[in-house]
Amino acid sequence: MELIFSKGAAGRVGSSLPALDVPNNNSILDSMKRKESAEMPEVSELEAVRHFTLLSRKNIGVDSHFYPLGSCTMKYNPKFHENVASLPGFADLHPLLPQLRRGGALTQGALEVIYETEQMLNEILGFAQFTMQPLAGAHGELTGCMLIAAYHKANGDASRKVMLIPDAAHGTNPASAAVAGFITKEIPSDEEGNVCMKSLKEALGPDVAGIMLTCPNTLGLFDPNTAEICKLVKNAGGLSYCDGANLNAIIGRVKPGDLGFDVMHINLHKTFATPHGGGGPGSGPVGVAPQLVPFLPVSRVAKRADGTYTLEYNHSQSIGYIAPFYGNFSIILRTYAYLVTLGREGVPRISEHAVLNANYIRAKLAPYYDQEYDRYCMHECVFSATRQTKYGVHALDIAKSLIDRGFHPPTMYFPMIVKEALMIEPTETESKEDIDRFIEAMIDIAKESEISPEKIIQAPITTPVKRLDETRAARNPKISE
Ligand SMILES: *Cc1c(COP(=O)(O)O)cnc(C)c1O
């Protein structure tokens, strides 16, 4: 690709500013000035626009490509919600504007959005109350773990230090539990990909604070023993945490609160109108059963008898602040717009289509790729490239080869309990035609792996930068050229 540094000509400019008509009191210290020219390209506005437009087209994004990145729910989000989030009445609000009295009229709408979103989430998920504060999924996990710790402490049960975590849990779960001060204990999966009930029963005891279940788990499977697990943990004096980042699989079908979970986080930046990738802002609200309500963080949005909204800070048992201000408000606002648009009938259709699409891919690719657990999946399916390794082709090569065929790669080598894992999450927003094109590409790669594996191993060949030496790139990074 021709870089902008090779474009333009000396003296060419892309702007037309009037001559300086004020004194130039050059206040930069001489010692801080660069000694040589920065050798910036001198280009016209058009050259700069073309450069950045072409660059942006090299990118693979949801708006341009099928993006089956398992566990990340890279679904298409209608632009309408972006418009709502950028309405000046919301976008220009300052977080320190007063809630009532002077200026209150400006913030009441925002507080109402937070409050109403909480109410909708309570109903969809079966919890008593939500906090919208956490700024990411893992931040929600940490908040949930802190709530569990506060609960046991308040009950004089602070010796409960062990958090049980199945090996099919998301990797952030043990990290969050450890940061919150728990000792983690792994529970293995059984041969069907569910929690091994025997190991669970053996692990339960007076030192157990709770369990963190990823639901569905990272194998893309719903554990049919979920309600039973929550009951066993409860009988042993523990609490059950639901990692609901993959809510796309079950939303509108089952209420995790009804299954017996005491606390749960969800990822608004997956399930609700904001994509997960790209490192943008996130939001990981946490819902709790009644016994955990007193410990929720502050601030909390409350509705008064006169219909106005206010922020409450005065809760003596609260774990306190876990985020500045009121969470990532614009993400909450998109969620509100998304839920109101979908309505009661629309919400269950998210999971209906997400699960159907994943099982369609699973069934179509079953003759070509190995699957560790041959059963219906939820919103994503996990294959293993073990069959292809016979020809020297690995999960990484298949992922790179998909780029040449116009697809974002799926998640690779995760979950770690599956060898050569390829985790595919089509989401509910893809059409059958696009999913069929992806299936064809995967079948094509499987066939080519047998006939001419060297082609797959060389991929990608259509990108500006070809196959990278990932080990050398990590050990000896060159970031200046
Ligand atoms: C994405 C994800 C998380 C973490 O969410 P972040 O917002 O990236 O912190 C946790 N658990 C599961 C199952 C996930 O898919």
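The values are calculated or read from the model by the stated rules, or taken from the named source; none is laboratory data. None of the values given here were measured: they were computed from a predicted structure. A quick note on method: Cβ atoms are made from the backbone with ideal geometry, for glycine too, and the neighbour counts reach across all protein chains shown. Ligands, DNA and RNA are stripped out before the accessible areas are found, and what is left, the full protein with its side chains, is counted by its heavy atoms. Shrake-Rupley method; radii C 1.70, N 1.55, O 1.52, S 1.80 Å.
Worth pointing out:
- Any hit, the stretch 357-380, residues being under 20 Å from the mean Cα position of the chain (by Cα), of a type in the set (Gly, Ala, Ser), more than 15 Å from residue 422 (Cα to Cα) and in the same structural domain as residue 416 (by TED's automatic domain parsing): no
- The stretch 292-340: number of residues that are open to solvent by 40 Å² or more (accessible area, probe 1.4 Å) and among the hydroxyl-bearing types (Ser, Thr, Tyr): 6
- Pairs are defined by a Cβ separation below 9 Å, a sequence spacing of at least 6 or placement on different chains, a first member in the stretch 72-98 that is within 16 Å of the ligand (Cβ to nearest atom), and a second member that is charged (D, E, K, R) and not in a helix (DSSP H, G or I); the pairs so defined are 72/425; 73/380; 73/425; 74/425; 75/425; 75/428; 75/430.
- Note on the stretch 432-451: residues that are surrounded by 12 or more Cβ atoms within 10 Å (Cβ to Cβ) and either closer than 12 Å to residue 402 by Cβ or over 28 Å from the mean Cα position of the chain (by Cα) (or both) total 13.
- The stretch 398-416: number of residues that are in contact with a Cys (Cβ under 8 Å, 6 or more places away or on another chain) and assigned to a loop (DSSP other than H, G, I, E, B): 0
- Taking helices (runs of 4 or more DSSP H) as the structural unit, those lying wholly within the stretch 220-329 and holding at least 1 residues that are within 14 Å of the ligand (Cβ to nearest atom), of a type outside the set (Asp, Glu) and assigned by TED's automatic domain parsing to the domain that holds residue 127 correspond to 256-259, 268-271.
- Of residues in the stretch 167-197 being within 11 Å of the ligand (Cβ to nearest atom) and assigned to a loop (DSSP other than H, G, I, E, B), the one surrounded by the most Cβ atoms within 10 Å (Cβ to Cβ): 169
- For the stretch 93-111, taking the residues that are open to solvent by 70 Å² or more (accessible area, probe 1.4 Å) and touching a helix residue (DSSP H, G or I) at 6+ places or on another chain (Cβ under 9 Å), the one that is modelled with the lowest pLDDT is identified as 106.
- Helices (runs of 4 or more DSSP H) contained entirely in the stretch 429-476, each with at least 1 residues that are closer than 30 Å to residue 248 by Cα and out of contact with any Leu (no Cβ under 6 Å at 6 or more places or on another chain): 432-451
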